[in-house]
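Q: What follows is a single structure, and I will ask about it in a moment.
The values are calculated or read from the model by the stated rules, or taken from the named source; none is laboratory data. Here the structure is a predicted model, which means the values were calculated and not measured. Note that we place each Cβ from the backbone using ideal geometry, even for glycine, and neighbour counts take in every protein chain shown. These accessible areas exclude ligands, DNA and RNA; they are computed on the full protein's heavy atoms, side chains included. Shrake-Rupley method; radii C 1.70, N 1.55, O 1.52, S 1.80 Å.
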Amino acid sequence: MKILIVTPESLPYAKSGGLGDFAYSYGKALAKLGEDVSIILPLYKQIRTKHPEVLNGFFDQYDFRMGGRTQGCGVFHLYRDGVHFYFTAMDRFDRDQMYGYGDDKERFACFIMAVNTFLTRHNDYDVVHCNDWQTAVLPVLLNYNPKKIKTVLTIHNPAYQGWATRDDLMSYFNLQPGYYDSGYVRLGDSFNYLKTGIMSADKINTVSKTHAKELLNDHTGFGGIGAIIDWCRHYDFSGIVNGLDVDIWNPASDPHLVENYTYADYREKKAINKRAIFKSLGMDENFSGALFSAITRLSSQKGVDRIESLFPELAKRHAKMIIIGTGEMEGDVLYHALQHPEVYLVKRYDENLAHLLYAASDFFLMPSYFEPCGTSQMIAMRYGTLPIVSDVGGLNDTVFDISKGDIANGFTFYNWDKDGCLKAFHRAMDTYDSGRMDPLIKVGMAGDYSWDKSAKQYLALYHSIDWK
Ligand code: ADP
């Protein structure tokens, strides 16, 4: 099967969160299963500057129409790890950041239209797999493609939807204004990219079973997107939990660690990594207590207020916390962190330091208010670091509380319990202080986080689409 994964980000070129992990690790897993896999993403400035080799592979060049305008696009190609990468080069993406601009909906409309034209010129794909709002209008356009290409939309985060106007239908996507009231594109008083994909892709899914249930049962959150799925696409909707790139995230071989380790020697080796990170951040390297960490977008979704509520508890329990994060709440976290010497905030995106922190920590905090899948909790467990999580979405599917006996690999709390995170923190510290961590670490480190099972589930999903 020839599959094109359309995504706003993919490792090893561009990543801001779990979607960047997903595209690359899933693409590689599919290729290993013998499928013909391509990934297409925008050529961001950071790719052009940090991976200039990409520019050696000129592949195609074309113009396309957006409303009354003509837009030019170059396409570069590179083959690595069994996957064909295609990069669409357009002025609008040649900026310092990947996202966060006032014209993002127009930028990603350009990307969608560029991929749409790419598919008319390279028309031999069986499945086009779109991801999140930045790509979600593509399925409706492909319904006009004479070769009936199967389409799948994966929702990695329903909170981001791409809100546009009725006029944008024509000026971005060449769709008639009358289409606004077709039932396919409008949500409330706006043209909504995500809804458009939900209504028009052959199959849709989200990235865990629990989050799929949560969406179907939540008719008011996320602008009512759950109600649309429940009413209109219930039987085409499923949950498939993400795997992890177990080659990259492997404590036995990770080049970013000071000492590599397995379950056999994790105690002494994690302690060495802990000293190293304390030293590199100018903290007390002889500190002997527990280390908590969070590596995250600092947004309300991630339960940043819950993490902050633990700051005053750290000194009481002889513990420290290191947070690596960026996002709209970074000022707020910095303000609170400055009042607690036990907390160190690294206010930047730092992939290398993140690897070391996963290895150095005793506990990883992920008290999200919602979490479609979550990648970080699985990385933490693989690195022998016990997660403390709310019981939502993919966290509920992958982390099992200490009270659960043989399968326990962390600490969970009820999302509705306002003191849940605090209580879980103290339960974790009690476990640490009484030396009862080992069985949980063993289960966590032995877990199968690979893509083997989930990649096959996606393939089955592709095959379940009726050929038209
Ligand atoms: P989301 O996709 O919602 O942001 P996930 O847990 O699925 O959350 O994925 C987050 C990924 O991004 C993880 O691989 C995590 O290590 C990484 N990450 C998040 N913030 C940072 C940061 N500031 N520096 C380095 N890596 C980060």
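Q: From LYS442, LYS423, LYS404, grab the single residue that is under 25 Å from ASN217 (Cβ atoms) and either in contact with a strand residue (DSSP E or B) (Cβ under 8 Å, 6 or more places away or on another chain) or surrounded by fewer than 22 Cβ atoms within 10 Å (Cβ to Cβ) (or both).
A: Of LYS442, LYS423, LYS404, the one residue that is under 25 Å from ASN217 (Cβ atoms) and either in contact with a strand residue (DSSP E or B) (Cβ under 8 Å, 6 or more places away or on another chain) or surrounded by fewer than 22 Cβ atoms within 10 Å (Cβ to Cβ) (or both) is LYS404.
Q: What is the number of the single condition among (1) open to solvent by 50 Å² or more (accessible area, probe 1.4 Å); (2) in a loop (DSSP other than H, G, I, E, B); (3) not basic (Lys, Arg) that GLY178 does not meet?
A: (2)
Q: Determine the pairs where a residue that is in contact (Cβ under 8 Å) with a residue 60 or more places away in the chain, located within the range 164-190, has a partner that is surrounded by fewer than 18 Cβ atoms within 10 Å (Cβ to Cβ) and of a type in the set (S, T, N, Q) with Cβ atoms under 7 Å apart, the partner being 6 or more residues away or on another chain.
A: Matching pairs, first to second residue: MET170/GLN176.
Q: Being within 16 Å of the ligand (Cβ to nearest atom) and among the aliphatic types (A, V, I, L, M) is the filter here; which residues of the range 6-56 pass it?
A: LEU11, ALA14, LEU19, ALA23, LEU41
Q: Within the range 238-251, take every residue that is in contact with a Phe, Trp or Tyr (Cβ under 7 Å, 6 or more places away or on another chain) and among the aliphatic types (A, V, I, L, M) and give me the one that is nearest to ASP202 (Cα to Cα).
A: ILE240
Q: Would you point out which residue out of ILE228, ILE272 is in a helix (DSSP H, G or I), open to solvent by 30 Å² or more (accessible area, probe 1.4 Å) and either among the aromatic types (Phe, Trp, Tyr) or away from the ligand (no atom under 16 Å from the Cβ) (or both)?
A: When all the criteria are applied, what remains is ILE272.
Q: Checking the structure you have, find out if any residue of the range 79-87 is open to solvent by less than 60 Å² (accessible area, probe 1.4 Å) and of a type in the set (A, V, I, L, M). Talk me through it step by step, then tell me what you get.
A: Residues of the range 79-87 open to solvent by less than 60 Å² (accessible area, probe 1.4 Å): 82-87.
Then keep just the ones that are of a type in the set (A, V, I, L, M); that gives 83.
Yes, because at least one residue in the range 79-87 is open to solvent by less than 60 Å² (accessible area, probe 1.4 Å) and of a type in the set (A, V, I, L, M).
Q: So which residues in the range 342-352 are part of a loop (DSSP other than H, G, I, E, B), within 16 Å of the ligand (Cβ to nearest atom) and among the acidic types (Asp, Glu)?
A: Hit for the range 342-352 is ASP350, nothing else.
Q: Follow-up. Where the second residue is of a type in the set (S, T, N, Q) and the first is under 19 Å from ALA319 (Cα atoms) and lies in the range 433-451, which pairs have Cβ atoms under 7 Å and are six or more apart or on separate chains?
A: MET437/THR431
Q: Give me the residue from the range 95-128 that is of a type in the set (D, E, K, R) and not in a loop (DSSP other than H, G, I, E, B) and, out of that set, most open to solvent (accessible area, probe 1.4 Å).
A: ARG121
Q: In this structure, is ASN131 loosely packed, with under 14 Cβ neighbours inside 10 Å and within 26 Å of TYR26 (Cα to Cα)?
A: no
Q: LEU386 is checked against (1) touching a residue at least 12 places away in the same chain (Cβ under 8 Å); (2) closer than 16 Å to ALA290 by Cβ; (3) surrounded by fewer than 18 Cβ atoms within 10 Å (Cβ to Cβ) and fails just one. What number does that condition carry?
A: It fails just one condition, (3).
Q: On to the next question. I'd like the residue in the range 275-290 that is outside any loop (DSSP other than H, G, I, E, B) and not hydroxyl-bearing (Ser, Thr, Tyr) and, out of all such residues, is most open to solvent (accessible area, probe 1.4 Å).
A: Going through the qualifying residues, I end up with LYS279.
Q: Taking the condition of being closer than 22 Å to GLY226 by Cα and crowded, with 20+ Cβ neighbours inside 10 Å, how many residues in the range 134-166 meet it?
A: Residues meeting the conditions: 18.
Q: Is it the case that some residue within the range 353-361 is more than 8 Å from the ligand (Cβ to nearest atom), over 22 Å from TYR266 (Cβ atoms) and at pLDDT 95 or above?
A: No - not one qualifying residue is present in the range 353-361.
Q: Scanning the range 362-383 for residues that are part of a strand (DSSP E or B) and open to solvent by less than 10 Å² (accessible area, probe 1.4 Å), which turns out farthest from the ligand (Cβ to nearest atom)?
A: Per the criteria, the residue is PHE363.
Table: residues versus (1) part of a loop (DSSP other than H, G, I, E, B); (2) at pLDDT 95 or above; (3) crowded, with 21+ Cβ neighbours inside 10 Å.
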{"residue": "PHE292", "(1), (2), (3)": "no, yes, yes"}
{"residue": "GLN301", "(1), (2), (3)": "no, yes, no"}
{"residue": "GLU308", "(1), (2), (3)": "no, yes, no"}
{"residue": "GLU313", "(1), (2), (3)": "no, yes, no"}
{"residue": "LYS320", "(1), (2), (3)": "no, yes, yes"}
{"residue": "TYR335", "(1), (2), (3)": "no, yes, no"}
{"residue": "HIS340", "(1), (2), (3)": "yes, yes, no"}
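Q: Which residues, taken from the range 389-412, are within 22 Å of GLU214 (Cβ to Cβ), more than 14 Å from the ligand (Cβ to nearest atom) and not in a helix (DSSP H, G or I)?
A: Selection gives ASP391, PHE400, ASP401, ASN409, GLY410, PHE411, THR412.
Q: Go through the residues of the range 189-208 one by one and say whether even a single one is open to solvent by 50 Å² or more (accessible area, probe 1.4 Å) and within 27 Å of ARG69 (Cβ to Cβ).
A: Yes - at least one qualifying residue is present in the range 189-208.
Q: Could I ask something else about it? Step by step: first the residues of the range 25-61, then only those that are part of a strand (DSSP E or B) and out of contact with any Phe, Trp or Tyr (no Cβ under 8 Å at 6 or more places or on another chain), then the one that is surrounded by the fewest Cβ atoms within 10 Å (Cβ to Cβ). Which residue is that? Talk me through it step by step, then tell me what you get.
A: Taking the range 25-61 first, the residues part of a strand (DSSP E or B) are 36-42, 58-61.
Subset that is out of contact with any Phe, Trp or Tyr (no Cβ under 8 Å at 6 or more places or on another chain): 36-37, 61.
Details: ASP36: 16, VAL37: 24, GLN61: 10.
Taking the candidates together, the pick is GLN61.
Q: Please verify whether LEU459 is farther than 21 Å from ILE407 by Cβ, part of a helix (DSSP H, G or I) and open to solvent by less than 60 Å² (accessible area, probe 1.4 Å), treating the condition exactly as stated.
A: yes
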